[in-house]
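*Asks:* Starting off with a structure, shown below.
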Amino acid sequence: MKTIVCIKYVPDTSEAEVKVNPDGKTVDNSRFSYDINDADNYAVEESVLIKEDKGGEVDVVSIGPKQSDVMIRMALAKGCDRAKRIEDERIADHDPLMVAKVLAGAIKGEKFDLIMTGCYSNDDGHMSTGVALAEELGVNHASMVKKVEVLDGKVKAHRELEGGLMEVVELELPAVLTIQTGINEPRYAPIRGIRQAQKKELSVAGLDDLSIDPAEVGAEASQVVLENLYIPEVESAAEFIEGEPDEKAEKLASILVKGGLV
Amino acid sequence: MGNVLLLAEHRQGALRDITFEMMAIAPKLAEDMGGEVTALLIGSGMDDMAKKLSEYGVKVQVIDDPGFENFNAEKYQKVLSVLIDEMKPAVLMTGQTAQGVDFMPALAVEKKLPLVAEAIGLEYVDGTLKATRQMYSGKVSATVAFKPAETYLVTIREGAVEAPEPAAAGSVEKIDSPFKEDITYRKFVEYIEAEVGDVDITQSEILVAVGRGLKEDKNMTLIEELAQGIKADVAGSRAATDAGWIPHDRQVGTSGKTVKPKLYLAMGISGAFQHVAGMKGAKTVVAINKDPEAPIFTVADYAIVDDMFKVIPALQEKIKELKG
Ligand SMILES: Cc1cc2nc3c(=O)[nH]c(=O)nc-3n(C[C@H](O)[C@H](O)[C@H](O)COP(=O)(O)OP(=O)(O)OC[C@H]3O[C@@H](n4cnc5c(N)ncnc54)[C@H](O)[C@@H]3O)c2cc1C
Ligand SMILES: Nc1ncnc2c1ncn2[C@@H]1O[C@H](COP(=O)(O)O)[C@@H](O)[C@H]1O
């Protein structure tokens, strides 16, 4: 089995205040910590689990800046075999169709059985890249996958639908699967793996190296324009309970008990 | 002509909510673009659903064919690819659902058409179609403009708008499927229903729900103690389920359960729309989160901005005191 896993370096904004830059088109990323996208972390684990079960190799592909090498090395430490990072500022990365084209350009010509992407990126959240990539490469796909069974020349994918209902589909390989969180328990990189990862191949390429025409993946080629970013107004009708933690607890307790809520 | 083709979504014999929600968006858009709405229904045994859909005053076109008994992304793509050429809609919209995300990006690539995924609003201004969508888990909104194209593809977020009431009588017309072959490279196998656990949280009166803010499994004791003291059941976000802190059947949200307890205590949950969709029907919502910008506060009745680990022990004690 040869698997290619696509991973993205994303900012953790769950506890942070997000500010839009004066250009109105980008977010001030200076204070965020970055790491692998949630779903991609599960995709890495799933591809390593399949390798451990069936043998074979796992390649990592990521479009991102130099700083993301740390994330890529981590995936290598967990058992992926080699990595390719693509960096080129001409890529219109606001459009998942352009991102998919670049990923396809980086993968074209390689033999693979499976490609795994996350089903959703924490920052952009298009839920589109993996399925678009499958079409670019002309292979089968299943999205939002929460269980993978590799069979002979086929894969059974359990797609997670709304309400937790699962739809089981069978695909002929090669295929792209977009992986949903919770499919497995991502491991921590073992110390030995971290040492080995330093010796594994991590190549860096631009569009020219990959023979991808910048005119096909740049802002001109994209049929959508990111016009404006803004912070949505947070309207809250909530009663904010103030004070020290103890006082807040006391006030809330009294609201709950006196209001007959508990 | 600016016609809007709306692909209806249904599953296991019923139209899904997103289909009706799109009825709040499509007619106005079609009017602004100088066209009409056609709702497309693809399935097998569709008479009742077609009738129900037509009550929204739209033209319903139905492909009623045993070959479409179950959803198959590849077949949908084949059908829509032909219909786009034949009908030349200005807009093709469907839901950003497990169904929509499984074929719309591939269709966009195949037809070389633009796609905006998970729009929460659409506007046609001075000849340009603009979509509003969210990024960074709802902390940032974005306006995305389509460059001029034959057909704009767009998926709509579930629960972004309220479904309108049925408006007027429409029409139903059966059309022949432009794609009748069977596909061997992707096959539907079966549905597997969600697991049932020991407690049915959809029936709970009080829920204490935890999120990633719990940080570690061992902190569950604190949550369980609080829940026990107020006779509540424990539930949580997807992050809490994925981490294994709570069982799957206790997950609240679009891919979990929809709950409507009298009291919902959200502890260390950010309030992503997928979560909120499952709990906004709660009568009273209390949220404790250390991030003042957390979207959970928009649906809260009582809010505490603080570290839950400082508040919960004291809360538990005070409740015990007051209840005597
Ligand atoms: C297709 C799809 C379906 C999904 N379905 C669901 C679903 O059904 N249900 C669901 O919940 N999610 C669902 N999600 C995931 C959703 O998008 C969010 O990722 C998830 O809800 C986040 O969970 P969370 O709020 O626990 O974690 P986070 O978003 O990481 O939030 C953690 C919060 O805890 C706060 N916090 C941290 N430490 C403390 C502390 N000491 N005290 C107080 N607060 C603290 C932080 O400020 C933060 O707001 C789905 C996503 C996708 C793509
Ligand atoms: N810059 C990138 N590099 C590698 N993979 C990416 C990149 N952007 C998106 N992806 C993949 O596409 C998935 C879905 O992203 P999205 O369509 O934005 O929700 C992610 O989980 C990644 O696996």
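*Asks:* Would you list, by chain and number, the aspartates and glutamates whose Cα falls below 17 Å from the Cα of B:Lys52, excluding same-chain residues fewer than 8 positions away?
*Replies:* Partners found: B:Glu9, B:Asp17, B:Glu21, B:Asp64, B:Glu165, B:Glu173.
*Asks:* Here is a further query. What does the C-alpha gyration tensor say about the overall shape of the protein assembly as shown? Classify as rounded when a/c is under 1.5, otherwise prolate if a/b is larger than b/c, or oblate.
*Replies:* Oblate, because a/c is 1.5 or more while a/b does not exceed b/c.
*Asks:* Around A:Ala83, which amide H atoms from residues at least 5 apart in sequence, or from another chain, sit under 5 Å from its own amide H, with H modelled in the peptide plane?
*Replies:* Those lying under 5 Å, H to H, from A:Ala83 are A:Val60, A:Glu201, A:Leu202, A:Ser203.
*Asks:* A further question on this structure: Considering only DSSP beta bridges with both partners in chain B, what is the antiparallel share in %, to the nearest 5?
*Replies:* Rounded to the nearest five, the antiparallel share is 25 percent.
*Asks:* Do any of A:Lys2/B:Lys112; A:Lys51/A:Lys78; B:Lys28/B:Lys130; A:Lys111/A:Lys154 go past 23 Å between their Cα atoms, and which?
*Replies:* Long pairs (Cα-Cα over 23 Å): A:Lys2/B:Lys112.
*Asks:* Sticking with this structure for a sec: Name the aspartates and glutamates eligible as straight-distance cross-link partners of B:Lys283: C-alpha to C-alpha under 13 Å, and not fewer than 8 places from it in the same chain.
*Replies:* B:Glu205, B:Asp301
*Asks:* Want the number for A:Ala219 to A:Asp246: 0.36 nm per residue separation, take away the alpha-carbon distance, what's left?
*Replies:* Answer, rounded to one decimal: 4.4 nm.
*Asks:* Next question. Just to be sure I understand: with springs between alpha-carbon atoms less than 10 Å apart, which residue in B:Arg157, B:Arg186, B:Arg16 has the highest mean-square fluctuation in the Gaussian network model of chain B?
*Replies:* B:Arg186
*Asks:* Quick check on my link table: of B:Lys147/B:Lys174; A:Lys8/B:Lys280; B:Lys59/B:Lys88; A:Lys108/B:Lys78, which ones sit more than 22 Å apart, alpha carbon to alpha carbon? Don't jump to the answer; show the numbers that get you there.
*Replies:* Working: B:Lys147/B:Lys174 33 Å; A:Lys8/B:Lys280 32 Å; B:Lys59/B:Lys88 16 Å; A:Lys108/B:Lys78 24 Å.
Result: B:Lys147/B:Lys174; A:Lys8/B:Lys280; A:Lys108/B:Lys78 exceed 22 Å.
*Asks:* Also, I was wondering about something else. Under the Karplus relation 6.51 cos²θ - 1.76 cosθ + 1.60, θ = phi - 60°, what is the ordered set of whole-Hz ³J(HN,Hα) values for the stretch A:233-242, x standing for Gly and Pro?
*Replies:* Values per residue, Gly and Pro as x: 6, 8, 9, 10, 8, 5, 8, 7, 8, 9 Hz.
*Asks:* Also, quick follow-up: What average count of beta carbons from other chains do you get within 10 Å of the Cβ of residues in B:284-295?
*Replies:* Across B:284-295, the average partner-chain Cβ count within 10 Å equals 4.
*Asks:* Report D for chain B in µm² per second (integer): Stokes-Einstein, Kirkwood Rh on Cα pairs, 10 °C, 1.306 mPa s.
*Replies:* Taking Rh from Cα pairs, D becomes 73 µm²/s.
*Asks:* Sticking with this one: Please list, in chain and number order, the residues 5+ apart from B:Thr284 or on another chain whose amide H is under 5 Å from its amide H, with Hs placed from the backbone.
*Replies:* Under 5 Å from the amide H of B:Thr284 lie the amide H atoms of B:Leu263, B:Tyr264, each far enough along the sequence or on another chain.
*Asks:* Could you tell me which of rounded, prolate or oblate describes the stretch B:201-323, using a ≥ b ≥ c as the square roots of the eigenvalues of the alpha-carbon gyration tensor, with rounded for a/c under 1.5 and, failing that, prolate when a/b is larger than b/c and oblate otherwise?
*Replies:* rounded
*Asks:* Measure nothing fancy, just the Cα-based angle from helix A:245-258's long axis to the longest principal axis of chain A, in degrees from 0 to 90, nearest 10.
*Replies:* 70 degrees
*Asks:* Restricting the count to DSSP beta bridges whose residues both fall in the stretch B:2-174, what percent are antiparallel, rounded to a multiple of 5?
*Replies:* DSSP beta bridges in the stretch B:2-174 are roughly 35 percent antiparallel.
*Asks:* Which whole-Hz ³J(HN,Hα) couplings does the stretch A:32-48 yield from phi under the Karplus relation 6.51 cos²θ - 1.76 cosθ + 1.60, θ = phi - 60°, glycine and proline marked x?
*Replies:* These are the phi-based 3J(HN,Hα) values: 8, 8, 10, 7, 5, 4, 3, 5, 5, 4, 5, 5, 4, 4, 4, 5, 6 Hz.
*Asks:* First check a/c for the stretch B:224-291, with a ≥ b ≥ c the square roots of the eigenvalues of its C-alpha gyration tensor; if it is under 1.5, answer rounded, and if not, answer prolate when a/b is larger than b/c or oblate otherwise.
*Replies:* rounded
*Asks:* Against the empirical 2.2 N^0.38 Å scaling, what ratio does the C-alpha Rg of the stretch B:21-164 come to?
*Replies:* Compared with the compact-globule rule of thumb, the stretch B:21-164 sits at 1.03.
*Asks:* Roughly what angle does helix A:96-107 make with the longest principal axis of chain A, taking Cα atoms, 0 to 90 degrees, to the nearest 10?
*Replies:* 40 degrees
*Asks:* How large is ³J(HN,Hα), in whole Hz, for each residue of the stretch A:125-136 in order, when computed from phi with the Karplus curve 6.51 cos²θ - 1.76 cosθ + 1.60 and θ = phi - 60°, using x for Gly and Pro?
*Replies:* So the Karplus estimates, Gly and Pro as x, are x, 6, 6, 10, 4, x, 5, 5, 4, 4, 5, 4 Hz.
*Asks:* In the stretch A:153-262, which trypsin sites (Lys or Arg not before Pro) are in a loop and have at most 12 other Cβ atoms within 10 Å, using DSSP for the loop call?
*Replies:* Filter output for the stretch A:153-262: A:Lys199.
Rule-based calculations on the coordinates, nothing more; no lab input. Fair warning: this is a prediction, and the values are worked out from it, not measured in the lab. Don't worry about glycine lacking a Cβ; one is built from the backbone with ideal geometry, like all the others, and counts go over all protein chains shown.
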